[in-house]
1. Return the Rg/Rh ratio of segment 178-236 with Cα-based radii and a Kirkwood Rh.
2. If you average the sequence gap of Cα pairs under 8 Å that are 6 or more apart and divide by the length of segment 20-104, what percent do you get for the contact order?
3. Test of understanding: ordering 80, 49 by Cβ neighbours within 10 Å, fewest first, what list do you get?
4. Stick to Cα atoms and the Kirkwood definition of Rh, then tell me Rg/Rh for the chain.
5. Using the Kirkwood radius over C-alpha pairs as Rh, can you work out the diffusion coefficient of segment 34-174 via Stokes-Einstein at 20 °C, viscosity 1.002 mPa s, in µm² per second?
6. Packing-wise, with mean Cβ within 10 Å as the measure, how do 63-74, 7-18 rank, highest first?
7. Based on the Kirkwood radius over alpha-carbon pairs, what is the Stokes-Einstein translational diffusion coefficient of segment 1-72 at 37 °C with 0.692 mPa s viscosity, in µm²/s?
8. Sort 55-61, 141-147, 230-236 by the packing proxy (mean of other Cβ within 10 Å over each peptide's residues), most packed first.
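Please treat every number below as a calculation from the coordinates, not as lab data. Everything quoted here is computed from the prediction, not taken from an experiment. Here the Cβ positions follow ideal geometry from the backbone for every residue, glycine too, while neighbour counts run over all protein chains shown.
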């Protein structure tokens with residue numbers, strides 16, 4: 001950790017879990033940048049919330065599938081804030097279909113965003129974190145899924161990407177430990193987000209029936225765990241996959 005303000009970047013940070021993570025990190029003392037696609041107004045709204053919490057905020061449209069876009073975004077963030085202590089790889093999409101109906105495009109889109117995008121961002125972040133002053137430390141948190149652990153019918157693309165994130169997490173933890181960088185993954189169950197709001201009622205009811213605590217997860221449930229893993233109290237935790245699912249998969 002540097003002696004100044006802590007600095008974090010959150011991908012997919014303009015809504016859902018990513019927005020909750022960005023705001024929770026700001027609450028915990030981080031200056032926060034959010035990378036997102038689409039509506040720039042959503043990014044501006046998150047920045048406004050971060051600044052209302054007394055921290056510096058920043059947003060940028062970034063296509064995590066494109067390494068040049070990622071490198072430019074990380075360079076711009078580092079130029080503005082002076083460094084990076086935490087990365088949260090949260091960007092992700094769904095393109096659900098049974099395998100015999102899944103197109104090449106549906107497969108590639110999910111792998112490219114959910115897995116390759118995380119690799120691009122981790123690579124860019126590791127360069128900044130390894131270049132930090134001796135004695136400093138950093139953290140990378142990858143947002144996986146319980147479906148990356150157990151599989152899910154209709155989600156061969158998504159489950160494969162999220163399982164790949166777990167392998168990425170463990171390998172990065174081994175590579176970056178000597179540089180003082182911890183790398184962990186969180187594996188949410190079904191969480192109430194804009195992305196899951198459109199699921200059929202029967203799917204939501206079936207998932208709720210699997211959850212021992214009797215309710216769907218909220219974005220803040222995930223955000224609190226991610227913020228902990230980015231913080232100083234988690235400096236001796238690395239290479240781990242931690243479920244936040246209310247007991248949906250045990």
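1. Values: Rg = 15.1 Å, Rh = 13.5 Å.
Across segment 178-236, the Cα-based Rg/Rh ratio is 1.12.
2. Working: 82 pairs, mean separation 19.3, N = 85.
Computed over segment 20-104, the figure is 23 percent.
3. Working: 80 13, 49 17.
Ranking 80, 49 by Cβ neighbours within 10 Å, fewest first, gives 80, 49.
4. Numbers: Rg = 17.1 Å, Rh = 18.0 Å.
Rg divided by Rh gives 0.95.
5. Numbers: Rh = 16.3 Å.
Rounded, D is 132 µm²/s.
6. Values: 63-74: 18.2, 7-18: 27.4.
My ranking of the peptides, most packed first, is 7-18, 63-74.
7. On the way: Rh = 12.0 Å.
The estimated diffusion coefficient comes to 273 µm²/s.
8. On the way: 55-61: 19.7, 141-147: 26.1, 230-236: 14.6.
With the highest mean Cβ count within 10 Å placed first, the list reads 141-147, 55-61, 230-236.
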